[in-house]
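K.L.:
Input: one structure, supplied below.
The values are calculated or read from the model by the stated rules, or taken from the named source; none is laboratory data. Being a predicted model, the structure only gives us computed values, none of them experimental. Neighbour counts run over all protein chains shown; Cβ positions are idealised from the backbone, glycine included. Note: areas computed on protein heavy atoms with side chains; ligands, DNA, RNA excluded. Shrake-Rupley method; radii C 1.70, N 1.55, O 1.52, S 1.80 Å.
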Amino acid sequence: MKFREAAKQPDLADSLEVTLFADTSSTARKTETAQLLRALDDVAQRRKLEVGSRDDGESVSSISFQSGSRTTHSVTIRFVEQPQSARKENLSGDAPRLAIILDDFGSDRAAPSRVFAMPYPLTISILPNHEHSKDIADEALRRGYQVMLHLPMQSIANESPEKEELRPGMSSAQVQAMLGEMIESVPNAVGVNNHQGSQATSDTALMNELMPALRNLNLFYVDSRTTAATVAYDTAQRDGVPTAFRNVPFLDDVQDASAIRKQLQLALRGAKEKKSAVAIGHPHPATLTALRNFLPAVRANGVRLVFASELVR
């Protein structure tokens with residue numbers, strides 16, 4: 001959901017994007033779309049809005065609502081396939097859950113293709129304003145993966161910073177403007193985690209500006225915990241932003257398949273001991289090799305693989 005109307009641009013329409021995971025026939029999809037549109041129409045009538053334009057496609061439908069001649073809302077409904085292992089599993093409802101976030105997508109076009117060859121509910125976190133950021137975000141959604149914005153933030157060492165990143169001392173207006181611009185380059189993002197950020201996430205004033213901006217965009221936040229001094233998770237909780245944090249070791253600080261397999265086993269053990277775990281890795285060749293061997297065994301160990309959004313609260 002994006003609230004786009006502003007004092008300087010009062011005619012911008014707010015937008016709502018609805019993604020439905022489905023493995024159904026064309027007829028069933030049309031029925032589900034009709035049900036959703038009827039519900040939206042009921043809300044519109046209560047708000048004295050009228051239906052504007054409408055376009056029904058095979059996998060994407062859109063409809064707009066207006067007040068008089070001004071379009072106030074634009075709604076897009078997408079049907080995407082659900083990754084095979086995200087479908088109904090023979091696991092109890094209270095089975096331990098593990099979310100795996102893969103960071104740093106955006107520049108390498110080959111890496112996401114290797115990830116998409118693994119039919120599991122992995123969460124893809126994409127750096128903004130890179131050559132392929134938007135394309136990867138669009139394809140990830142189409143293939144049924146969850147998309148996050150990998151939000152650049154200043155680190156203490158400030159090694160290899162992005163061209164734009166959140167830094168201590170930024171005003172609320174600056175944070176909102178930068179976040180809004182970055183979200184535009186990673187469409188379909190439903191949440192955010194920090195890229196680097198050891199300096200930024202430990203700065204209370206900056207986190208106090210960031211969390212309301214995330215809440216206004218209906219985005220959740222996952223603290224990558226790149227420093228023990230982080231205040232990001234606590235600030236998100238206080239400000240009502242759905243949140244979680246990485247609670248098992250990074251998967252691939254050592255880029256060796258054998259070492260990564262050991263980290264994956266630690267993540268699995270962490271999920272069992274804590275009932276849920278958030279693990280973070282990167283699309284290095286060694287990481288993807290280890291994942292290909294590891295993912296099929298997760299369910300056999302009584303653990304459910306889930307998207308990151310299922311572990312925020």
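K.L.:
For segment 157-175, what are the residues that are surrounded by fewer than 18 Cβ atoms within 10 Å (Cβ to Cβ), modelled with pLDDT of 95 or more and at negative phi? Even if it seems obvious, please write down each step before you answer.
P.N.:
First, the residues of segment 157-175 that are surrounded by fewer than 18 Cβ atoms within 10 Å (Cβ to Cβ): 157-161, 163-164, 168-169, 171-174.
Still in the running and modelled with pLDDT of 95 or more: 164, 168-169, 171-174.
Within segment 157-175, Glu164, Pro168, Ser171, Ser172, Ala173, Gln174 meet the criteria.
K.L.:
Quick one: in segment 228-258, which of the residues that are part of a loop (DSSP other than H, G, I, E, B) and of a type in the set (A, V, I, L, M, F, W, C) is farthest from His284 (Cα to Cα)?
P.N.:
Filtering segment 228-258 for residues part of a loop (DSSP other than H, G, I, E, B) gives 228-231, 239-242, 246-256.
If we keep only those that are of a type in the set (A, V, I, L, M, F, W, C) as well, we get 228-229, 231, 241, 248, 250-251, 254.
Working: Ala228: 25, Ala229: 27, Val231: 29, Val241: 31, Val248: 19, Phe250: 13, Leu251: 11, Val254: 10 Å.
Only one residue fits best here, namely Val241.
K.L.:
Out of the residues in segment 177-216 that are among the β-branched types (Val, Ile, Thr) and in a helix (DSSP H, G or I), state the one that is modelled with the highest pLDDT.
P.N.:
Let us first name the residues in segment 177-216 that are among the β-branched types (Val, Ile, Thr), namely 183, 186, 190, 192, 201, 204.
Those left that are additionally in a helix (DSSP H, G or I): 183, 204.
Numbers: Ile183: 94, Thr204: 98.
Per the criteria, the residue is Thr204.
K.L.:
Give the residue that is surrounded by the most Cβ atoms within 10 Å (Cβ to Cβ), with candidates limited to residues of segment 86-116 that are in contact (Cβ under 8 Å) with a residue 24 or more places away in the chain, among the small types (Gly, Ala, Ser) and part of a loop (DSSP other than H, G, I, E, B).
P.N.:
Gly106
K.L.:
With the requirement that a residue be more than 29 Å from Tyr145 (Cβ to Cβ), open to solvent by 60 Å² or more (accessible area, probe 1.4 Å) and not in a strand (DSSP E or B), what does segment 11-67 give you?
P.N.:
Asp11, Arg38, Asp42, Val43, Gln45, Arg46, Arg47, Lys48
K.L.:
Moving on to the next point. Which ones in segment 179-198 are open to solvent by 10 Å² or more (accessible area, probe 1.4 Å), under 21 Å from Glu131 (Cβ atoms) and in contact with a helix residue (DSSP H, G or I) (Cβ under 7 Å, 6 or more places away or on another chain)?
P.N.:
Ser185, Pro187, Asn188, Ala189, listed by residue number.
K.L.:
Of a type in the set (Phe, Trp, Tyr), open to solvent by less than 20 Å² (accessible area, probe 1.4 Å), at pLDDT 95 or above and in contact with a strand residue (DSSP E or B) (Cβ under 7 Å, 6 or more places away or on another chain): which single residue out of Phe220, Phe250, Phe245 fits that description?
P.N.:
On the way: Phe250 fails: open to solvent by less than 20 Å² (accessible area, probe 1.4 Å); Phe245 fails: open to solvent by less than 20 Å² (accessible area, probe 1.4 Å).
Criteria check complete, one pass: Phe220.
K.L.:
Determine which single condition Leu127 fails, assuming it passes every other condition in (1) over 30 Å from Thr204 (Cα atoms); (2) at pLDDT 95 or above; (3) aliphatic (A, V, I, L, M); (4) touching a helix residue (DSSP H, G or I) at 6+ places or on another chain (Cβ under 7 Å).
P.N.:
Here Leu127 clears every test but (1).
K.L.:
Right, another one. Pull out all pairs, ordered by first then second residue, where Cβ-Cβ is under 7 Å, the residues are six or more apart or on different chains, the first lies in segment 302-313 and is within 17 Å of Gly93 (Cβ to Cβ), and the second is of a type in the set (Phe, Trp, Tyr) and open to solvent by 10 Å² or more (accessible area, probe 1.4 Å).
P.N.:
Listed pairs, sorted by first residue: Leu305/Tyr120.
K.L.:
Could you tell me which residue of segment 141-155 is farthest from Val278 (Cα to Cα), considering only residues that are among the hydrophobic types (A, V, I, L, M, F, W, C) and at pLDDT 95 or above?
P.N.:
Restricting attention to segment 141-155, the residues satisfying the condition of being among the hydrophobic types (A, V, I, L, M, F, W, C) are 141, 147-149, 151, 153.
Checking which are at pLDDT 95 or above leaves us with 147-149, 151, 153.
Working: Val147: 15, Met148: 14, Leu149: 16, Leu151: 17, Met153: 20 Å.
Checking each candidate, the answer is Met153.
K.L.:
Next question, about the same structure. Regarding segment 68-82, can at least one residue be identified that is of a type in the set (D, E, K, R) and either outside any loop (DSSP other than H, G, I, E, B) or open to solvent by less than 40 Å² (accessible area, probe 1.4 Å) (or both)?
P.N.:
Step one: filter segment 68-82 for residues of a type in the set (D, E, K, R), giving 70, 78, 81.
From the residues that got through so far, the ones that are either outside any loop (DSSP other than H, G, I, E, B) or open to solvent by less than 40 Å² (accessible area, probe 1.4 Å) (or both) too are 70, 78.
Checked against the condition, which is being of a type in the set (D, E, K, R) and either outside any loop (DSSP other than H, G, I, E, B) or open to solvent by less than 40 Å² (accessible area, probe 1.4 Å) (or both), segment 68-82 yields at least one hit.
K.L.:
Also: Looking at Arg225, Arg269, Arg261, which is the one that is open to solvent by 40 Å² or more (accessible area, probe 1.4 Å), in a helix (DSSP H, G or I) and either hydroxyl-bearing (Ser, Thr, Tyr) or touching a Phe, Trp or Tyr at 6+ places or on another chain (Cβ under 9 Å) (or both)?
P.N.:
Details: Arg225 fails: in a helix (DSSP H, G or I); Arg269 fails: either hydroxyl-bearing (Ser, Thr, Tyr) or touching a Phe, Trp or Tyr at 6+ places or on another chain (Cβ under 9 Å) (or both).
Checking each option against the conditions leaves just Arg261.
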